[in-house]
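Quick one: the structure is below, questions incoming.
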Amino acid sequence: SRDLPLCEAVARQLRENYQIISLEDPRQLKGLFRGVEMVIGMRFHSLIMAAAEDCRCFALSYDPKVSRLIAEVPMPGWELDQLPEAVNDISNTWINFYANGEALTSDRKHFLIDRALIHREILFRLVS
């Protein structure tokens with residue numbers, strides 16, 4: 001809901017097919033990524049949900065969590081303050097990644113799931 005005004009402003013600039021979808025249920029939201037070929041995301045959870053649904057993910061980071069994801073997964077991406085200046089460099093990078101990039105391997109996804117479950121268990125122990 002906090003991103004809706006920005007989303008609407010961007011949508012007004014688009015000339016063709018687009019849709020603004022707002023869902024409360026994270027499972028439904030994650031399901032939106034099923035069958036999506038590539039996601040360019042700035043939000044941590046958009047990248048997590050897209051990667052979980054086997055999308056190729058490219059991150060644009062202004063957030064330390066996303067920066068950590070870029071480094072740890074590894075996931076291609078840029079810090080916003082390090083974006084290439086030439087628009088063609090950006091679009092060529094994205095087109096190349098769309099054509100030749102790969103989603104996370106299932107081994108890597110399982111590793112990340114296992115690590116998240118360990119963190120959840122530690123958190124439950126600390127709060128209990």
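Classify the range 1-78 as rounded, prolate or oblate, taking a ≥ b ≥ c as the square roots of the eigenvalues of its Cα gyration tensor: rounded when a/c is under 1.5, otherwise prolate if a/b is larger than b/c and oblate if not.
The shape class here is prolate.
Which residue, R56, R12, R34, tops the fluctuation ranking in a GNM of the chain built on C-alpha contacts under 10 Å?
Per the Cα network of the chain with a 10 Å cutoff, R12 tops the list.
While we're looking at this one, here's another question. Taking amide H positions as placed in the peptide plane 1.01 Å from N, state which residues far from S61 in sequence (5 or more) or on other chains have amide H under 5 Å from it.
Counting only residues 5 or more places away or on other chains, the set is W78, E79, L80.
Using a 1.4 angstrom probe, figure out how much accessible area the range 25-116 has per residue, in square angstrom, rounded to the nearest whole.
Result: 63 Å² of accessible area for each residue.
Taking the chain as a Gaussian network, where each spring joins two C-alpha atoms under 10 Å apart, which residue of L69, L60, L14 fluctuates the most?
Maximum fluctuation in the GNM of the chain, among the listed residues, is at L14.
Further question: Less than 12 Å Cβ to Cβ from M38, Lys/Arg counted +1 and Asp/Glu -1: what total charge do the surrounding residues give? Walk me through the intermediate numbers first.
Numbers: positive: R56; negative: E37, E53, D54, E102.
Here the count lands on -3.
Given only helices, namely DSSP H runs of n ≥ 4 each adding -39500 (n - 2.57), what is the per-residue ellipticity at 222 nm of the chain, to the nearest 500 deg cm²/dmol? It would help to have the intermediate numbers written out before the result.
Details: 6 runs with 70 residues, N = 128.
Taking each H run of at least 4 residues, the total per residue is -17000 deg cm²/dmol.
If you average the C-alpha positions of the range 1-50 and of the range 83-128 separately, how far apart do those two centres end up, in angstrom?
17 Å
Please turn the phi angles of the range 32-38 into ³J(HN,Hα) values with the Karplus equation 6.51 cos²θ - 1.76 cosθ + 1.60 (θ = phi - 60°), one per residue in order, whole Hz, x for glycine and proline.
4, 7, 4, x, 6, 7, 8
Using a 1.4 Å probe on the protein heavy atoms, what percent of the accessible area of the chain belongs to carbon and sulfur?
Values: 5370 of 9780 Å².
Answer for the chain is 55 percent, counting heavy atoms of protein chains only.
Also, I was wondering about something else. In nm, to one decimal, how far is the modelled label at A116 from the one at E79, with both set 7 Å along Cα→Cβ?
So the two model labels end up 2.6 nm from each other.
Could I ask something else about it? Pick from L112, L29, L47: which is most flexible by mean-square fluctuation in a GNM of the chain where alpha carbon atoms under 10 Å apart are linked?
It is L112.
Can you compute the FRET efficiency between N96 and R34 using 1/(1 + (r/R0)^6), with r the Cβ-Cβ distance and R0 = 30 Å? Round to the nearest 0.05.
In this case the efficiency is close to 0.80.
Bin width 10 Å, origin at 0, all Cα-Cα pairs of the range 27-128: what percent of pairs per bin?
Over the range 27-128, the share of Cα pairs per 10 Å bin runs 15, 42, 32, 9, 3, 0 percent.
Which value, in debye to the nearest 20, describes the size of the charge dipole of the chain about its Cα centre when Lys and Arg Cβ atoms bear +1, Asp and Glu Cβ atoms bear -1, and nothing else is charged?
400 debye
Compare the peptides 22-28, 61-67 by average per-residue count of other Cβ atoms within 10 angstrom and give them in order, highest first.
Put in order of decreasing packing, that is 61-67, 22-28.
Would you mind giving the average projected area, over all directions, of the Cα convex hull of the range 68-128 in nm² with one decimal?
For the range 68-128, averaging the hull's shadow over all directions gives 5.8 nm².
The values are calculated or read from the model by the stated rules, or taken from the named source; none is laboratory data. Worth saying up front: this structure is predicted, and the values here are computed from it rather than measured. Ideal geometry is used to build each Cβ from the backbone, glycine not excepted, and the neighbour counts take in all protein chains shown. With ligands, DNA and RNA removed, areas are computed over all heavy atoms of the protein, side chains included. Shrake-Rupley method; radii C 1.70, N 1.55, O 1.52, S 1.80 Å.
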